[in-house]
Amino acid sequence: MTHILVATDAWHPQVNGVVRTLTMMAEAAKAFGVDVSFLTPRLFRPFAMPSYPDLRLALPYPSKIALLIAAARPDGIHIATEGPIGLLVRRYCRKHGLPFTTSFHTRFPEYVSARSPVPEKWVWTMLRRFHRPSQAVMAATPALANELRIRGFRNVVLWSRGVDTGLFHPRDIDLCLPEPVFLSVGRVAVEKNLEAFLDLDLPGTKVVVGDGPARLSLERKYPKAVFLGARHGEELAEIYAAADVFVFPSRTDTFGLVLLEALASGLPVAAFPVTGPRDVIGTAPVGVLDDDLRLACLEALKIPSRACVDFAARHTWQASARVFVEHAMNVRPRGPEGDAVEFVAEDPHFAA
């Protein structure tokens with residue numbers, strides 16, 4: 001089998017779009033003879049990310065990174081995140097002339113600026129440098145890809161996402177809450193802009209699924225909303241199916257896997273007209289994108305469930321995995337003069 005090694009600073013038990021994307025992609029890739037393995041924080045000593053204690057990062061060291069890559073003997077290397085693991089794998093690949101691809105999952109400049117006085121332009125400069133040697137920078141949507149190109153990123157390609165329609169689908173579930181039920185799913189953190197949803201004057205019940213550093217403060221501030229914490233698998237799928245409208249208040253997400261999960265469950269989407277929901281939904285009649293989020297929520301109630309299900313069915317993980325593999329394997333290392341060279345490392349551990 002073809003073997004692709006993915007380096008990621010985001011991994012279980014974290015619950016986020018990056019982890020779900022990588023997990024589902026790897027599983028789908030098996031169907032066409034591709035084995036995807038992961039170099040993750042579980043292999044190193046962890047530490048809590050400043051201002052975000054629920055998010056654990058790794059403390060990797062170069063010698064172990066070298067041994068792990070050597071032991072994997074991959075046909076291709078993909079760096080999924082710009083954290084400590086991603087940085088050291090990038091450094092190793094650069095040192096030994098190994099080609100690699102990267103992906104752009106998260107709008108770190110906006111997230112960092114929301115939590116610290118660091119200017120966004122400084123973070124964009126750092127990210128541009130990180131991705132510059134990549135032979136393919138994978139972006140989830142056309143709008144994000146175009147933005148990255150405008151910001152000076154090179155070799156930008158599209159890698160869309162999928163949804164597990166075997167898990168997420170309509171079903172008869174009653175949460176025993178006043179209807180209609182307006183649902184939001186995701187990390188409960190400042191960058192998700194949840195207060196824009198929780199401040200709305202809406203009939204029925206507002207339900208939030210997810211955990212994060214802002215949960216306790218939001219629970220105190222909005223006692224009428226129902227906070228269910230993190231839910232997974234069948235339990236999460238049943239909550240989607242029991243709701244009436246999916247509300248996505250984030251203005252910074254690059255894609256939002258939860259949008260496809262909600263649509264597959266028969267939920268119309270209410271969101272701001274920004275990159276992410278705009279790219280996922282486009283002009284399809286499966287959601288309402290409006291700067292007036294309350295109006296979007298109420299108008300979304302009129303959208304038939306069947307239209308949402310049919311739309312989501314066109315987005316499969318098999319198609320997503322195939323595109324990922326094509327990008328990850330369509331690389332050739334370059335020598336100092338720009339000539340293609342054989343894909344081997346200079347590290348003696350790579351010797352047969």
Quiz item: Quick check: anything in the range 229-246 within 30 Å of residue 146 (Cβ to Cβ), touching a residue at least 12 places away in the same chain (Cβ under 8 Å) and not aliphatic (A, V, I, L, M)?
Solution: yes
Quiz prompt | Evaluation of residue 19 against (1) without any contact (Cβ under 8 Å) to a residue 40 or more places away in the chain; (2) crowded, with 17+ Cβ neighbours inside 10 Å; (3) assigned to a strand (DSSP E or B) (one fails), failing number | solution = (3)
Practice problem: Considering only the range 216-239, state which residues are part of a helix (DSSP H, G or I) and within 19 Å of the chain's Cα centre (by Cα). | Solution: 233, 236, 237
Practice problem: Could you list, in sequence order, all residues of the range 211-249 that are touching a Lys or Arg at 6+ places or on another chain (Cβ under 7 Å) and modelled with pLDDT under 95? | Solution: 212
Quiz item: Just for the range 98-113: of the residues that are modelled with pLDDT of 95 or more and more than 16 Å from the chain's Cα centre (by Cα), which one is farthest from residue 253 (Cα to Cα)?
Solution: 98
Quiz prompt | Selection within the range 199-215 - outside any strand (DSSP E or B) and either farther than 19 Å from residue 240 by Cβ or under 19 Å from the mean Cα position of the chain (by Cα) (or both) | solution = 199, 200, 201, 203, 210, 211, 212, 213, 214, 215
Practice problem: Collect the residues in the range 154-191 that are within 23 Å of residue 27 (Cβ to Cβ) and basic (Lys, Arg), keeping them in residue-number order. | Solution: 161, 171, 187
Quiz item: Counting just the residues of the range 156-197 that are of a type in the set (A, V, I, L, M) and in contact with a Lys or Arg (Cβ under 6 Å, 6 or more places away or on another chain), which one comes out surrounded by the most Cβ atoms within 10 Å (Cβ to Cβ)?
Solution: 188
Quiz prompt | Members of the range 132-146 found to be part of a helix (DSSP H, G or I) and under 17 Å from the mean Cα position of the chain (by Cα), listed by number | solution = 142, 143, 144, 145
Quiz item: Among the residues of the range 111-120, is any within 23 Å of residue 23 (Cβ to Cβ), part of a loop (DSSP other than H, G, I, E, B) and free of Cβ contacts under 8 Å to residues at least 40 places away in the same chain?
Solution: no
Quiz item: Only one of (1) crowded, with 23+ Cβ neighbours inside 10 Å; (2) at pLDDT 95 or above fails for residue 10. Which number is that?
Solution: (2)
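Just wondering, is there one or more residues in the range 103-118 that are of a type in the set (A, V, I, L, M) and in contact with an Asp or Glu (Cβ under 7 Å, 6 or more places away or on another chain)?
yes
The values are calculated or read from the model by the stated rules, or taken from the named source; none is laboratory data. Values in this document were obtained by computation on a predicted structure and should not be read as measured data. Because the Cβ atoms are built from the backbone with ideal geometry, glycine has one as well, and the counts that use them run over all protein chains shown.
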